[in-house]
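The values are calculated or read from the model by the stated rules, or taken from the named source; none is laboratory data. Note that the structure is a prediction, hence the values are computed from the model and not measured. Glycine also receives a Cβ, built like all others from the backbone with ideal geometry; neighbour counts cover every protein chain displayed. Note: accessible area is taken over every heavy atom of the protein model, side chains too, but ligands, DNA and RNA are not part of it. Shrake-Rupley method; radii C 1.70, N 1.55, O 1.52, S 1.80 Å.
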Amino acid sequence: MFNEALNVKEAGISGVFGAIAGYTVKKFTRSISIAVGTGVVTASALSRSDLIRVNWNKVEDMLVKYGDIDGDGLVTKSDFNLIAKRLTEKAASKFPSLTSTITSFVIGYRLG
């Protein structure tokens with residue numbers, strides 16, 4: 001009985017931290033997306049007006065080098081799915097209250 005109570009408590013704590021993490025990730029990724037988008041638009045505008053020179057081929061090569069997980073030469077949705085699958089498998093082997101954490105993370109992310 002003591003063990004079951006401990007698991008419920010652990011699941012509750014994991015749920016709270018999952019919700020907080022989901023909410024934070026949503027806010028953080030939104031901010032990062034805005035910053036990166038603004039940077040790309042600014043660099044593109046400055047490049048078109050010949051104020052700076054951007055080696056877009058090198059930028060694309062760097063993105064593919066670090067973002068192409070499945071090895072098809074492109075960064076696609078399947079790369080992100082592979083990352084999510086690997087993280088979930090790794091986490092499942094280490095955390096007993098993973099279901100609570102993931103569920104709460106999704107709820108926190110949607111509310112964010």
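So the values come out like this:
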{"item": "Within the stretch 45-66, tally of residues that are of a type in the set (Ser, Thr, Tyr) and open to solvent by 60 Å² or more (accessible area, probe 1.4 Å)", "result": "2"}
{"item": "Scope the stretch 19-44; condition touching a residue at least 12 places away in the same chain (Cβ under 8 Å) and open to solvent by less than 70 Å² (accessible area, probe 1.4 Å); matching residues", "result": "19, 21, 22, 25, 26"}
{"item": "Test: residue in the stretch 83-94 that is at pLDDT below 90, in a loop (DSSP other than H, G, I, E, B) and within 25 Å of residue 25 (Cα to Cα)", "result": "yes"}
{"item": "Among (1) in a loop (DSSP other than H, G, I, E, B); (2) open to solvent by 70 Å² or more (accessible area, probe 1.4 Å) - the single one residue 69 does not satisfy", "result": "(2)"}
